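Encoded as structure tokens, the structure appears first; notes follow it.
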Amino acid sequence: MTKKNTLKIEEYLDFLFKNPKCELNYSKDYELLIAVMLSAQTTDKGVNKVTKVLFSKYDTLEKLSKAPLNDIKQIIKPIGNYNKKALNVKNISKDLIERFNSKVPRTHLELESMSGVGRKTANVVLGELYDIPSLAVDTHVIRVSNRLRLVNSSNPLEIENKLKKIFKKENWNKLHKQLVLFGRYKCKAIKPDCSDCKLEDFCNKDYIKK
Ligand code: SF4
């Protein structure tokens with residue numbers, strides 16, 4: 001990837017998504033952490049539907065930590081993998097209260113010590129809540145960065161490290177959101193909108209169907 005093409009990517013993403021926003025709804029710090037955990041293998045839209053019910057029925061961390069497991073399961077059932085995710089909701093709420101003074105911690109080590117919280121979730125939370133430069137790699141970021149020849153890998157950690165070398169630290173949080181939105185609305189997994197894409201010149205056509 002040449003410097004010129006990297007700049008072209010940044011300029012185009014800035015043009016398409018000037019002020020990119022996280023599309024998960026939340027009003028409290030712990031709600032974001034739980035919403036991101038719930039978003040694994042499903043859509044933000046689906047998560048927003050179930051968290052609307054969950055966070056209004058159990059509107060404090062205390063209430064959420066004491067919510068009956070079966071009720072959490074029923075509420076989040078539409079997003080799939082609900083047995084495990086419901087247990088994660090309970091465990092995260094309890095951990096936040098008992099180990100972190102009811103605050104979402106600010107380090108990878110602490111975040112990833114909670115059930116269901118991996119590197120991607122921790123990166124999203126650190127960037128979104130605390131503006132700590134982070135580059136979360138999800139399915140959209142994997143696909144888009146390979147198509148744009150920024151990386152040649154399907155390993156999230158490798159991709160994260162490579163992107164961090166290519167782009168300036170102060171742009172990581174913005175760039176993560178832009179790549180996600182680009183993958184969600186334009187460079188879609190199936191039928192990407194290539195005829196109207198300014199990056200077609202150097203796109204990896206072999207990767208388009210992936
Ligand atoms: S040309 Fe198509 S596949 Fe390539 S980056 Fe643009 S939308 Fe994605």
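Scanning segment 180-194 for residues that are assigned to a loop (DSSP other than H, G, I, E, B), touching a residue at least 12 places away in the same chain (Cβ under 8 Å) and either touching a Lys or Arg at 6+ places or on another chain (Cβ under 8 Å) or loosely packed, with under 14 Cβ neighbours inside 10 Å (or both) yields CYS187, ALA189, PRO192.
Entry remark, segment 194-210: residues being more than 17 Å from LYS8 (Cβ to Cβ) and within 6 Å of the ligand (Cβ to nearest atom) number 1 in total.
Which residue out of LEU24, LEU54, LEU87, LEU33 is part of a helix (DSSP H, G or I) and under 20 Å from LEU129 (Cα atoms)? Walk me through it before giving the result.
Working: LEU24 fails: part of a helix (DSSP H, G or I); LEU54 fails: under 20 Å from LEU129 (Cα atoms); LEU87 fails: under 20 Å from LEU129 (Cα atoms).
Result: LEU33 is the single residue among LEU24, LEU54, LEU87, LEU33 that is part of a helix (DSSP H, G or I) and under 20 Å from LEU129 (Cα atoms).
Whether a residue is crowded, with 21+ Cβ neighbours inside 10 Å, among the β-branched types (Val, Ile, Thr) and either within 16 Å of the ligand (Cβ to nearest atom) or more than 20 Å from LYS28 (Cα to Cα) (or both) was assessed, and VAL137 passes this test.
Among the candidates LYS168, LYS191, single out the residue that is more than 8 Å from the ligand (Cβ to nearest atom), among the charged types (D, E, K, R) and on the phi > 0 side of the Ramachandran plot.
Numbers: LYS168 fails: on the phi > 0 side of the Ramachandran plot.
Testing whether each residue is more than 8 Å from the ligand (Cβ to nearest atom), among the charged types (D, E, K, R) and on the phi > 0 side of the Ramachandran plot leaves just LYS191.
Of everything listed in (1) more than 21 Å from LEU179 (Cβ to Cβ); (2) out of contact with any Lys or Arg (no Cβ under 7 Å at 6 or more places or on another chain); (3) of a type outside the set (A, V, I, L, M), the single unmet condition for LYS45 is (1).
One line per residue, one yes/no per condition, for (1) in contact (Cβ under 8 Å) with a residue 60 or more places away in the chain; (2) in contact with a Leu (Cβ under 7 Å, 6 or more places away or on another chain):
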site: THR60; (1), (2): no, no
site: LEU64; (1), (2): no, no
site: ASN70; (1), (2): no, no
site: PRO78; (1), (2): no, no
site: ILE97; (1), (2): no, yes
site: SER102; (1), (2): yes, yes
site: GLU112; (1), (2): no, no
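Taken together, the values in this text are just the output of simple stated rules run on the coordinates, not laboratory data. Remember, predicted model here, so these are calculated numbers, not experimental data. Because the Cβ atoms are built from the backbone with ideal geometry, glycine has one as well, and the counts that use them run over all protein chains shown.
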